[in-house]
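Read the structure below first, then the notes.
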Amino acid sequence: MSKDIVEGTLVPAYGRDYTDKQDVMTDFQQGKDFVLKNTRSRWDSTYCSIRDCEAEDMIKLRYDKLRKVTFYRVTEEDKIPRIPDQDDRTYLYMCKECLGKRCNRRFRKETKGIACPDHARPSWTLIAIIKD
């Protein structure tokens, strides 16, 4: 898929639009979804992000109602997963066993060493990030 991304153009997904070149590049670096536009590819109109690119790929990004284009070169540093800042956000976790079941759904903000009361083992998954 990386070859198809390089040959195509990425446009913001989910109705997002940017007026500034720096904003579109920042969101691409942060791993936000974009839609691949490449009519020669079987991956045309699929969602992708920086995680789908290889290091040293040159990516074409469209923004400002698809009127402007900028290029971004993916580096090795971009491929390292980033830990989100926890200063202005609340992270909610839920027991993996409770997901999709009708048991006592317990939400936690802190999960270190805490076991789910219903399943007696600490198996938590991130379900929501709330910006304070």
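I need a count of the residues in segment 3-20 that are over 16 Å from Lys65 (Cα atoms) and either surrounded by 14 or more Cβ atoms within 10 Å (Cβ to Cβ) or within 15 Å of the chain's Cα centre (by Cα) (or both).
Narrowing segment 3-20 to residues over 16 Å from Lys65 (Cα atoms): 3-8.
If we keep only those that are either surrounded by 14 or more Cβ atoms within 10 Å (Cβ to Cβ) or within 15 Å of the chain's Cα centre (by Cα) (or both) too, we end up with 4-6, 8.
Of the residues in segment 3-20, 4 are over 16 Å from Lys65 (Cα atoms) and either surrounded by 14 or more Cβ atoms within 10 Å (Cβ to Cβ) or within 15 Å of the chain's Cα centre (by Cα) (or both).
In segment 21-41, which residue that is assigned to a loop (DSSP other than H, G, I, E, B) and in contact (Cβ under 8 Å) with a residue 12 or more places away in the chain is surrounded by the most Cβ atoms within 10 Å (Cβ to Cβ)?
Looking at residues that are assigned to a loop (DSSP other than H, G, I, E, B) and in contact (Cβ under 8 Å) with a residue 12 or more places away in the chain, I get Asn38.
For segment 42-77, what are the residues that are part of a strand (DSSP E or B), crowded, with 19+ Cβ neighbours inside 10 Å and not β-branched (Val, Ile, Thr)?
Answer for segment 42-77, where residues must be part of a strand (DSSP E or B), crowded, with 19+ Cβ neighbours inside 10 Å and not β-branched (Val, Ile, Thr): Cys48, Leu61, Arg62, Tyr63, Tyr72.
Output the residues belonging to segment 7-20 that are outside any strand (DSSP E or B) and either touching a Lys or Arg at 6+ places or on another chain (Cβ under 8 Å) or not assigned by TED's automatic domain parsing to the domain that holds Val74 (or both).
Within segment 7-20, Glu7, Gly8, Ala13, Arg16, Asp17 meet the criteria.
The values are calculated or read from the model by the stated rules, or taken from the named source; none is laboratory data. It should be emphasised that the depicted structure is a prediction, and the values quoted were computed from it without experimental measurement. Reconstructed Cβ throughout: ideal geometry from the backbone, glycine too, with neighbour counts over all protein chains shown.
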